[in-house]
Amino acid sequence: MIGAIEPRQVRAFAPGSVGNIGVGFDLLGHSIAGVRDIATVRRIDEPAVRIAAIRGHVTGADSLPMEAGHNTAGQALICLRDGLGLTYGFELELEKGIPLGSGLGGSAASCVAALVAANALLDAPLPREALYEFALDGESVSSGSRHGDNVAPMLLGGVVMATATRMIPLSVPGWLHAVVVHPDQTLETRRARAVLADPYPLSLVVKQSAHLALFLTGLQRGDVALLREGLQDLLVEPRRAPLIPGFVEAKAAALAHGALGASISGAGPSTFAWFASKADAEAAAPAMQAAFAAAGYGSRAYVTPVAGPRAEVLEDGPR
């Protein structure tokens, strides 16, 4: 009997994400449902990585770098090839569904989707944990630093603690839901990081550490009171809020509708809020959007379980 033919092409998606989750700058993130990037990867005989096409309905998708080494997905595959010493290469097509500069992890999603697709083409596919280093390599092209708060939850799903070398999935109560609102604004990650350059007083860092501890304990115990007390960002949000018209009002709207906490998703301008039920989240979403509308910006809102999906090969992927 002739053995099964190995696939030469695979499609995979990676979901959007909420980076930082307010209190966990460059450390915590969770995946979200409702928005994603798709990568199609072909195994080629040429020992190289090339990008054949970038398409999608998001503004600016056609301006993304086509040179593999300057593209997050292309660089991730280059590092995968080099790291494994592969004799063959990959050709990549990207379908962008996550808006650029949105704070929803678009650059991370491209490289994670590409890695998951390419991994399925390997003679011996790697576990998800082994893809982390290559995802960090790719993400660094866009952000200028190696932080895993976006790529880690995309690889594993749900809430993940991401250090320089580890992805640690965290317990998430099933009732936790989030609203993520993306206003029609763009905020470049490098600009958003630049406002954080000045040092912080030690006393403020200590208070933030206490919030982080309360937040993590609240997650583990499923304790609403601890989550509410912990989900307060004293470091990053105050400096980035002025860069996002309508944010302060959108956060206030979320809290007025019973949010456990609300803050900036990733580098912004997207805003997220956590709720103790899906019904609460659905009730708050229009109010958050109305706040951005009052500031002159349309928006899209996503209501999602906090335990969001992970990147996966699409059923129609292998060919």
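What follows is calculated from the coordinates using simple rules that are stated; it is not laboratory data. Computed from a predicted model, the values in this text were never measured in an experiment. Please note: Cβ atoms are built from the backbone with ideal geometry, for glycine as well, and neighbour counts cover all protein chains shown.
Below, the figures for the structure above:
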item: For region 204-281 and region 109-127, distance of Cα centres in Å; result: 33 Å
item: For the chain: relative contact order, % (alpha-carbon pairs under 8 angstrom, 6 or more apart); result: 26 percent
item: Fraction of antiparallel bridges per DSSP, the chain only, in percent to nearest 5; result: 85 percent
item: Extended-chain gain in nm, criterion 0.36 nm per residue less alpha-carbon gap, Val248 and Glu129; result: 39.1 nm
item: 0 to 90° range, to nearest 10: angle between helix 128-143 axis and the chain longest Cα axis; result: 70 degrees
item: Sorted peptide list for 289-301, 144-156, criterion being average Cβ within 10 angstrom, highest first; result: 144-156, 289-301
item: Mean Cβ count within 10 Å, highest first, over the residues of peptides 261-268, 96-103, 212-219; result: 261-268, 96-103, 212-219
item: Burial ranking of peptide ranges 220-233, 237-250, 171-184 (average Cβ count within 10 Å, highest at the top); result: 171-184, 237-250, 220-233
item: Nearest 10 degrees, 0 to 90: helix 72-84 Cα axis against the chain principal axis; result: 50 degrees
item: Gain in span if fully extended, Gln9 to Leu255, counting 0.36 nm per residue against the direct Cα distance; result: 83.9 nm
